[in-house]
Amino acid sequence: MKKIKVVLGKRSYNICIKAGMLSSAGNILKTLNIANTAYIITNKKIKSVYGKRLEASLSKQGILNKFHIVPDSEKAKSYACWCKAIHNLADFDKGKGVCVIALGGGVVGDLAGFVASTYRRGVPFIQIPTTLLAQVDSAIGGKVAIDIECAKNLVGAFYQPKVVISDPLVLRSLPPRQIRNGLAEVIKYGIILDKKFFSYLENNISKILKLNPACLEHLIACCSKLKAEVVSADEEEKTGYRSILNFGHTIGHAIEASVSYGKSVNHGEAVAVGMLCAFDIALMLNMAKERDLIRLEALIKKTGLPTRVKGINIAKVIKATSYDKKIIRGKKRWVLPVAIGHVAVCSKVDDSIIREAIKKRFCG
Ligand code: GLY
């Protein structure tokens, strides 16, 4: 088993990575002495594939458990779903020590984490991510939230899990588009922090796309380590360092917002184009080298992610960049590449440059 530690003093925790790890969840919880009962938040689809295995593993260790099913979409991150989950948890909880388990992707993790952080002023929380995106990104870091009508993730907390259990074998049930969705974030880590990891991706992308277990284990461990280091250095986004994780996301989020978070463009696809736009901006500012952009574009293409997006309203995208969460005192903060493995944060980028970069990546 690969173990990565997120170092946060008393709130430190491990990310445990191994093929078949899901069946050891009960053991891990028992060893950590986390709780006698477990409230598992998941969706119908995931429960039907992995529910029995998790239930058996917990029951074997005498951990009483109950599943709570939420919708399989962003709808799960609503006030109504949070309220229902809390009421059902209160009915289930016998006051003898309950923990909340997130079994699912980012949406489930965000809702379950927020439930765990608010119930009884906080109960232990466990992340069992079942998508690549969640294993390399959203299950790590402690940001949990629900959406309200005017904005996504507006009601939330920093609430770290006690452990993250990542089983690469569960990725086998994902459609290829979902794997590619996670791979955009994987590529992001190479650009922002690790040139060697970027080369690994270039050399192994076909094995990764075939879900080779050893490659996946290595990839999840590398990304977990990189994210753990960033989170340990700036857990609550106080120094600004954590914003490097936002590379490709300013335009990426704007693309998603411009299509109202519809199915035509998923998060990874938007981030792939967003990363290329950030490179285009950096080139125009003479910050980056064209040969690095060529390498990124080639890897994105080999991964099967888009390098351009179709049918998007450019004006809407530009407007949406102004609503980015990372804006500080009215200034946009652009995470721009300097070289593969190294980025810089800039607040002064002319709107005309941003417009030109966005135009280049849009067609139709
Ligand atoms: N939950 C995702 C993060 O903290 O970055």
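Those helices (runs of 4 or more DSSP H) of region 209-302 in which at least 2 residues are among the hydrophobic types (A, V, I, L, M, F, W, C) and within 16 Å of the ligand (Cβ to nearest atom), considering only elements entirely within it, cover 213-233.
Looking at A157, A151, A145, which is the one that is of a type in the set (G, A, S), surrounded by fewer than 24 Cβ atoms within 10 Å (Cβ to Cβ) and more than 16 Å from the ligand (Cβ to nearest atom)?
A151
For region 309-364, the set of residues classified as at pLDDT below 85, open to solvent by less than 30 Å² (accessible area, probe 1.4 Å) and more than 23 Å from K152 (Cα to Cα) is empty. Examine region 75-92 for a residue that is at pLDDT 95 or above, in a strand (DSSP E or B) and farther than 30 Å from S260 by Cβ, and state whether such a residue exists. No, that holds for no residue.
Looking at T130, T118, can you tell me which residue is open to solvent by 20 Å² or more (accessible area, probe 1.4 Å), touching a strand residue (DSSP E or B) at 6+ places or on another chain (Cβ under 9 Å) and either free of Cβ contacts under 8 Å to residues at least 12 places away in the same chain or away from the ligand (no atom under 14 Å from the Cβ) (or both)? Don't jump to the end; show me each part of the working.
Details: T130 fails: open to solvent by 20 Å² or more (accessible area, probe 1.4 Å).
Among T130, T118, only T118 is open to solvent by 20 Å² or more (accessible area, probe 1.4 Å), touching a strand residue (DSSP E or B) at 6+ places or on another chain (Cβ under 9 Å) and either free of Cβ contacts under 8 Å to residues at least 12 places away in the same chain or away from the ligand (no atom under 14 Å from the Cβ) (or both).
Given the structure, is V107 of a type in the set (A, V, I, L, M), under 15 Å from the mean Cα position of the chain (by Cα) and within 16 Å of the ligand (Cβ to nearest atom)? Yes.
From the list E290, E269, E256, E297, which one is open to solvent by less than 40 Å² (accessible area, probe 1.4 Å), acidic (D, E) and free of Cβ contacts under 8 Å to residues at least 40 places away in the same chain? If you could, list the steps in order and put the result at the bottom.
Numbers: E290 fails: open to solvent by less than 40 Å² (accessible area, probe 1.4 Å); E269 fails: free of Cβ contacts under 8 Å to residues at least 40 places away in the same chain; E297 fails: open to solvent by less than 40 Å² (accessible area, probe 1.4 Å).
Going through E290, E269, E256, E297 in turn, the sole match is E256.
Going by what's in this entry, would L193 be described as open to solvent by 20 Å² or more (accessible area, probe 1.4 Å), at pLDDT below 95 and farther than 25 Å from K45 by Cα? In short, no. Every condition in (1) among the charged types (D, E, K, R); (2) within 28 Å of E236 (Cα to Cα); (3) over 17 Å from the mean Cα position of the chain (by Cα) is met by K77 except one, and the failing one is (3).
The values are calculated or read from the model by the stated rules, or taken from the named source; none is laboratory data. Everything numeric in this text was worked out from a predicted model, so none of it was measured. Ideal geometry is used to build each Cβ from the backbone, glycine not excepted, and the neighbour counts take in all protein chains shown. Remember, those area values only see protein heavy atoms, side chains included, never the ligands or the DNA or RNA. Shrake-Rupley method; radii C 1.70, N 1.55, O 1.52, S 1.80 Å.
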